[in-house]
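Notes for the one structure printed next.
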Amino acid sequence: MRPTMSGFGPILLLVLVGYFAVLPRPSVALSYEGYQMYSVEVKTMKEVDNLINIIEQFDGVTTMNEPRYGKITLAVPTAMVSLLRSAFTDLNMEMTLVYNDIQRLIDATTKRPEGGIDKRSMVSTDTSVVDHEKYHRYPEIVSMLHHLASRNSDIMDVSTLVYRTHEGNQVICVKLHGNSSTSGSGASTKPAIVIESGIHAREWITPAVQLWLIENMLQGYRTGDPTVTTMLDTFDWYIIPVTNPDGYDYSHAVDRLWRKNRRYISYECRGVDLNRNFDVKFNTTGVSQNCRSNIYLGFKPFSEPETSNVKELVTSLRSRLVAYLAIHSYSQLILIPWGYSEEPMFPDNYDYLDHIAELMTVAISARHGVTFLKGQAYPLLGNAASGAGEDWALKEVPGIFATCIELRPSGDDVRGFLLPPDEIVPSAEEYFDSLVVMAMELAKQARDKNSSN
Ligand SMILES: [Zn+2]
């Protein structure tokens, strides 16, 4: 899937080069004023490739969802609309305007909901410090989590993962646990669940729901809620709320639509798509080798500190790992491995994965009536991608429950990852309910296994 210039003449190339030469390079917050949202209907694999090739040649255009079958949403500077439209028309593809003002959607993600409460004026408690009506910057998230851990040190730890990011950030991991079960050396012997979240910078809802989850579990445990008590007494929960802090903060400070990490590649090129960088069928499907692309895979598996951090964590938990969840947005999906394959290919424990995924969709819908679909990525979306976290975890530790959850909104909602903050709490509630049924099912499996041994 190496990008080519096929289908474009030298004249268009000159026009584009001239256009890029005057594009401003953002050093402060990039405004999306004057950007419009377009959708392109993609019906075949050939059209997916065409779309990727075209986008890679229009530097100011950003894909709002991953290239696949169906409607692909693009953020397009108004000045580029007619050039881009004719590039698609040349290939018999059509571009349709879906929203006039992307900056307005972006502004809505930083606005407090009507009648919302500013928590800065409230006194924080031992288990409540996070304002769930706004999206927080990374340093704030770190300090709030340290606050919670310091007041709940018997059931919550905050640790730092092995590698610093390219911009020197430390990546933190929260461990939630109830009653400890330890070996002679003091190491935990409980089954472990890993939640990898915020690996894509612009998917702000994903760290936000982890913060709600963490507070909700602390409060539930302190008040003797039987469900939460079982969840924490049975499992150790390792939650990485922001796996990609450099990208996440860059999406707050500079470019709201940034997806990758912030690796420096060249003056004009930054960032690796971390969810293409895990060592599973690396460089086979759904990747680009063009470093400008949003799906640029990096030069080798685990070339990035952020993915290497996840690798070290999972490796250290290998003998106890029972579940690995990669949390993304958006599309309302529970995706089952293998996500890399364009052919029907099923892991040995596919029925087990499918069964739990089904329970999770039912639990989600029961809370607020929101529909999530479950299944493998390619049949559902026509989008296979190699090098993703959950595929790698299942390859490394066969038999575990591994999934990728794509949170709100639905795939055809124009807001995409620009989800207003008044949806943080409902989104977190349905997400939590899905974890409850998953944990209960995993606990049941563990009991069945023990009784048959
Ligand atoms: Zn994502």
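The values are calculated or read from the model by the stated rules, or taken from the named source; none is laboratory data. For clarity, every value in this text was computed on a predicted model and none was experimentally measured. In this analysis, Cβ positions are derived from the backbone assuming ideal geometry, glycine residues included, and neighbour counts consider all displayed protein chains.
Tell me yes or no: at least one residue of region 357-373 is in a strand (DSSP E or B), surrounded by fewer than 21 Cβ atoms within 10 Å (Cβ to Cβ) and away from the ligand (no atom under 16 Å from the Cβ).
yes
May I ask you to verify whether Ile102 is buried (at least 18 other Cβ atoms within 10 Å of the Cβ), at pLDDT 90 or above and closer than 18 Å to Asp236 by Cβ?
no
Out of all the residues in region 202-217, which are away from the ligand (no atom under 16 Å from the Cβ) and in contact (Cβ under 8 Å) with a residue 60 or more places away in the chain?
Leu211, Trp212, Leu213, Ile214, Glu215, Asn216
Answer yes if at least one residue in region 270-285 is under 20 Å from Ile54 (Cβ atoms), among the hydroxyl-bearing types (Ser, Thr, Tyr), more than 14 Å from the ligand (Cβ to nearest atom) and not in a helix (DSSP H, G or I), and no otherwise.
yes
List pairs: first residue in region 322-340 and in a strand (DSSP E or B) and among the aliphatic types (A, V, I, L, M), second residue modelled with pLDDT under 95 and within 15 Å of the ligand (Cβ to nearest atom) anywhere in the structure, Cβ distance under 6 angstrom, at least six positions apart or on different chains.
Cβ pairs passing all conditions: Leu335/Ala377.
Please verify whether Val310 is modelled with pLDDT under 95 and under 17 Å from the mean Cα position of the chain (by Cα), treating the condition exactly as stated.
Considered against the rule, which asks whether it is modelled with pLDDT under 95 and under 17 Å from the mean Cα position of the chain (by Cα), Val310 comes out as no.
For region 312-351, how many residues meet the condition of being of a type in the set (Phe, Trp, Tyr) and more than 16 Å from the ligand (Cβ to nearest atom)?
If we filter region 312-351 for residues that are of a type in the set (Phe, Trp, Tyr), which is where we start, we get 324, 330, 338, 340, 346, 350.
Still in the running and more than 16 Å from the ligand (Cβ to nearest atom): 338, 346, 350.
Total satisfying the criteria: 3.
Which one is modelled with the lowest pLDDT, of the residues in region 331-352 that are under 24 Å from Val209 (Cβ atoms) and buried (at least 23 other Cβ atoms within 10 Å of the Cβ)? Talk me through it step by step, then tell me what you get.
Looking only at region 331-352, we keep the residues that are under 24 Å from Val209 (Cβ atoms), and these are 331-337, 339.
Subset that is buried (at least 23 other Cβ atoms within 10 Å of the Cβ): 331, 333-337, 339.
Working: Ser331: 93, Leu333: 96, Ile334: 98, Leu335: 97, Ile336: 97, Pro337: 98, Gly339: 96.
The residue in question is Ser331.
Right, Val162: assigned by TED's automatic domain parsing to the domain that holds Thr243, in contact with an Asp or Glu (Cβ under 9 Å, 6 or more places away or on another chain) and either within 16 Å of the ligand (Cβ to nearest atom) or modelled with pLDDT of 95 or more (or both) or not?
yes
Which ones in region 378-402 are within 16 Å of the ligand (Cβ to nearest atom), of a type outside the set (Gly, Ala, Ser) and closer than 19 Å to Glu306 by Cα?
Glu390, Asp391, Trp392
Hey, does region 385-393 have a residue that's surrounded by 24 or more Cβ atoms within 10 Å (Cβ to Cβ) and within 30 Å of Tyr99 (Cα to Cα)?
The answer is yes; a qualifying residue exists.
Which of the residues that make up region 306-321 are of a type in the set (S, T, N, Q) and part of a helix (DSSP H, G or I)? So that I can check it myself, show each step before the final result.
Narrowing region 306-321 to residues of a type in the set (S, T, N, Q): 307-309, 315-316, 319.
Result: Thr307, Ser308, Asn309, Thr315, Ser316.
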